[in-house]
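Reviewing the structure listed below.
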Amino acid sequence: MILTEFDHNEFLRTYWQREPLLIKHKGEAFVDPIDADELAGLACEHSIESRIVTHIPDNDWQVRHGPFNAAVFEKLGEHNWTLLVQAVDLADPDVADLKNYFKFLPSWRIDDVMVSFASTGGGVGPHYDQYDVFLIQGKGSRRWQIGERCNSTTPLRNNTEMRLLENFVSRREVVLEPGDILYLPPRIAHHGTALQDSLCYSVGFRAPSFAELLQGFCDEMTTTMSEDLRFEDSDSFDQVGGGALDKYSIQNVFDKLRNITDQSSLLLDFFGKSVTEPRYPERIQAEINSPDTAALQALDQNSDILMVFHKNPNSRFAYLTNKEGHVLFVDGEKYLCQTDQLPLLKLLCNGFWPEQPELKGLLRSERDYALIASLIAQGSLSIESN
């Protein structure tokens, strides 16, 4: 089992978002949750994001985007190429299980599990990511060279669509074998090369830029702002005339904008909606003929019927607690909840698909059933009964 005897607290104190860490596998042999053929099959599907990166002579890389057909893989040869498939956790429940090893971190931070198969010599070139990532080695082995911390001014190559570093200097090398994990904080340069045919599972964490958050928050605010809220001269503005901008007018604008944006409740709502936006919103479809509150309550109270709930693998759940009670965020939607609903919210939010939330005994009131009915109606939960 990976992460056996792993000290979560020491990791968070010393390494999280600070320093790389090699975590050697202990215990039983690591078993890959997916094989190369299954991964190639996913890369042939139109709904799956995939790439093939080929390392060609003169230290260069080329990238092709899927979906692919089987003939493509037959022509690749035995060396120097890598297949990368995004969000495999949403398509394969066994891959999704890997996220359970990281429950010591906020579930809403996890973005996806990308799986790559690399032939001998394969890699994607020296680069850095803007987010935390855990690289779990599956079949085979890879050598990882680790460099310095980068930033937006770090030079990149201009002869490729890939964000490859122009100058990469390795400061440390590690070799990952099945079950080993390499943790990399944001913006740490790294370069992996397969020493033999190998699989790697990259568990990445969401890290939206503040530019993205600010733009989204401003968009959220402007939808609620009145047209009557406009610039007005302050009583003490300088009547200098002409084209001069007086300091009182500038301060007036600054103060008004600061007051408008200083709305913690609106920011909390925006942030909760933002971090639960699904990666693929088109996969969250409203259920047709979903049960309403009364029908769901009747089903649950019928002793002859067993109800099983499933979370949509594409859905994201999170909650927060405030003075009024609790707020549940699911797939960018907000639900106001009561204090006594906290056990229900925790059960809904804390488990990863394909875990089934055991709601029996937690649905006690009409508002509980109404909440679940709403989540089923929007496609975030599904229900089967027999």
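Here's the yes/no breakdown for (1) under 22 Å from residue 178 (Cα atoms); (2) in contact with a Leu (Cβ under 6 Å, 6 or more places away or on another chain); (3) hydrophobic (A, V, I, L, M, F, W, C):
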site: 12; (1), (2), (3): no, no, yes
site: 40; (1), (2), (3): yes, no, yes
site: 49; (1), (2), (3): no, no, no
site: 59; (1), (2), (3): no, no, no
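Do you know which residues across the stretch 32-72 are among the charged types (D, E, K, R) and in a strand (DSSP E or B)?
Step one: list which residues in the stretch 32-72 are among the charged types (D, E, K, R), which gives 32, 35, 37-38, 45, 49, 51, 58, 60, 64.
Result: 51, 60, 64.
Going through (1) free of Cβ contacts under 8 Å to residues at least 12 places away in the same chain; (2) under 24 Å from residue 100 (Cα atoms) one by one, residue 304 falls short only on (2). As for the stretch 231-239, it holds at least one residue that is modelled with pLDDT of 80 or more and out of contact with any His (no Cβ under 8 Å at 6 or more places or on another chain).
Counting only residues that are within 30 Å of residue 184 (Cα to Cα) and among the basic types (Lys, Arg), give me the helices (runs of 4 or more DSSP H) lying completely in the stretch 207-286 with at least 1 of them. Passing ranges, in order: 264-275.
Is one or more of the residues making up the stretch 11-33 surrounded by fewer than 19 Cβ atoms within 10 Å (Cβ to Cβ), polar (S, T, N, Q) and under 21 Å from the mean Cα position of the chain (by Cα)? Yes, the stretch 11-33 contains a residue that is surrounded by fewer than 19 Cβ atoms within 10 Å (Cβ to Cβ), polar (S, T, N, Q) and under 21 Å from the mean Cα position of the chain (by Cα).
Out of 169, 175, report the one residue that is under 28 Å from the mean Cα position of the chain (by Cα) and touching a residue at least 12 places away in the same chain (Cβ under 8 Å). Just one listed residue meets the conditions, 175. Criterion applied to 85, 72 was being surrounded by 16 or more Cβ atoms within 10 Å (Cβ to Cβ), among the β-branched types (Val, Ile, Thr) and within 22 Å of the chain's Cα centre (by Cα), and the one residue passing it is 85. Looking across the stretch 115-154, the residues that are over 19 Å from residue 95 (Cβ atoms) and of a type in the set (Lys, Arg) come down to 143, 149.
Taking the criterion of being surrounded by fewer than 19 Cβ atoms within 10 Å (Cβ to Cβ) and either under 11 Å from residue 375 (Cα atoms) or free of Cβ contacts under 8 Å to residues at least 24 places away in the same chain (or both), the residues of the stretch 311-332 that qualify are 321, 323, 324, 325.
The values are calculated or read from the model by the stated rules, or taken from the named source; none is laboratory data. Every value quoted in this text rests on a predicted model; they were computed, and no experiment measured them. So basically every Cβ, Gly included, is an ideal-geometry build from the backbone, and we count neighbours across all protein chains shown.
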